[in-house]
1. When the dipole is taken about the Cα centre of the range 219-295, and only Lys, Arg (+1) and Asp, Glu (-1) are charged at their Cβ, what size is it in debye, to the nearest 20?
2. Let me know the shape class of the range 86-185, please: from the alpha-carbon gyration tensor, a ≥ b ≥ c as square roots of the eigenvalues, rounded when a/c is under 1.5, otherwise prolate if a/b is greater than b/c, or oblate.
3. When the Karplus curve 6.51 cos²θ - 1.76 cosθ + 1.60 is applied with θ = phi - 60°, which whole-Hz ³J(HN,Hα) does each residue of the range 227-237 get, with x for Gly and Pro?
4. How much net charge surrounds VAL310 when only other residues with a Cβ under 11 Å from its Cβ are counted (Lys, Arg +1; Asp, Glu -1)?
5. Treating only the Cβ of Lys, Arg, Asp and Glu as charged (+1, +1, -1, -1), what charge dipole size does the range 386-488 show about its Cα centre? Round to the nearest 20 debye.
6. For the range 125-163 and the range 227-275, compute the distance between their C-alpha centroids and round to whole Å.
7. What ³J(HN,Hα) values, in whole Hz, does the Karplus curve 6.51 cos²θ - 1.76 cosθ + 1.60 give for the range 100-106 when θ = phi - 60°, with x put for Gly and Pro?
8. Under a Cβ-Cβ cut-off of 12 Å, what is the net charge of the residues other than GLU139 that fall near it, where Lys and Arg count +1 and Asp and Glu count -1?
Amino acid sequence: MSGRPDDHAPDLRPLSRVTLSGPDLGDVNLEFAEEDPAPLTESAPPPPAPTDPGDFDPRTYEPALPRPEPLAAEGFMPVLTPAHFHDLLQDLRGELQLIPDEAPRAALHSRARLLALNVEQYRVNFELARTTLNRVLAETGVGVRTSWARQQEHLAFMNAASSGVERAYEQATAAIEQARAERFEALSRAGVRPDTATAEDFYTQQAVSGLAAEGHAVRPPEQKSASKRVFNGFAVFSKFFVGVISGVSINLLFNPESRLYLTLIALTAGVMFSVLLLWLVDELAYRAKLAATTPGMARPGAYIGGIALVTALYLGVEGYLNWDGILRTTQEIAANAAQQGQLTDLSAAPEGPQTPQHWSLLVFTLALVGMAAGAALIQGRERARTVLERERLAARVAALKAQGGWHEAARAADRVAYLEAARDRLGPPRDVTSPDHARLNERVLGHWEQERDGQVQGVAAALLREARALQDTLEEFAAQVQAARFPAPRRGLRRLLG
């Protein structure tokens, strides 16, 4: 206890490896580096440049994260070493010889021996705390470094994937621009619009040009003509309008008391009758137009005869319904007028049916029915004409494809779209570069750092409290030694009595 123990001096050499042994992993084995490591500020030699400028070399990228260095226990022990307290106690014990009084000197010698035991206990606790901190840092350091390396690998992979995708995107863009130039040249030589995007459009334009040269012009669809849309709207409206007229006529015939449910049934029956017959006219006109060019169908004359029969049936039924309905309405008007005294002699009127006075209403109704039937006939023929033109155009397109004279131009027209679709599919793997992967690494890293900080703070706080208590005791002992060496002078009566 008289000299500074060199066995307990801290070893400031850097640690190369920390291992745990024993049944409870309580023994810490420290391996120190034999040679001084290179300073941290020394930069590593630059990586060799890749042979091919297009190849990706991850070593050319700066690390995205700083690498965590191994931690030593001394960095987490904010206390003085036992050697400092031992030196202070030895200095104070040397001053005990200068105390003139025997009694205070003996008491202070005894207290000094007790303080030597306290310093020795502090040394034991200091070494135990350092061993504990080394074990904690070794255990948590593995998790921290593993999480850090995993995060670094994740970022390196993302950098590599992003750079690869960027190069592939640039190469795909260059290929698309070259394909566009080739498409412009090929389409210009073929005589079609240079902005044609697909091979199907290219063949369609070629077929339309060939049919136009032969005198078979392809008319625009009905949706592009305002007059066609108006005509189609009139044809649809006429079916329901003449159906309402038929329903009113049926209601006048079979519902003289004007009951509501009978009125609804009559109107529904009239609309259904009108729509069904006019749809038959439309369908028969459509089939009559296609019968000449479609195998397996009847002769066009059969469909035309069907149109005539359906139209005659429709006109006959509507004429009878309206004729009888007008007659009944006229008779009811005459009966109502007779009841009001406007007619003087009802016996002079003929008893049998007579020609109604408002025959012009019947003619107008039949004209509306004829117009609706004509509209349905025209609509069916227009639908058939559209189908025939589409089939003729499809046949010409198939013939052009079979000839094989425009394969290069068609391939050039389609190649741009295929290259753009391939460029849109470029992207790194989503399961690895997803943000969840990085967040998981951050949570694992945070867990190990919190575990390390919690255990280190607990050990360091206990050691700090012991060091402060020992320092306060040594300060008190130093004050007692000074008081014993230099006692206060006695004055007055105390001096005479002493």
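Read the figures in this text as sums done on the coordinates, not as results from a lab. A quick note: this is a predicted structure, and the numbers were derived from the prediction, not measured. Positions of Cβ are generated from backbone atoms using ideal geometry, with glycine treated the same way; all protein chains shown enter the neighbour counts.
1. 400
2. Since a/c reaches 1.5 and a/b is larger than b/c, the shape of the range 86-185 is classed as prolate.
3. 5, 5, 5, 5, 5, 4, x, 5, 5, 5, 5
4. Spelling it out: positives minus negatives among the neighbours equals -2.
5. 860
6. Answer, in whole Å: 86.
7. x, 7, 6, 5, x, 5, 5
8. It works out to a net charge of +2.
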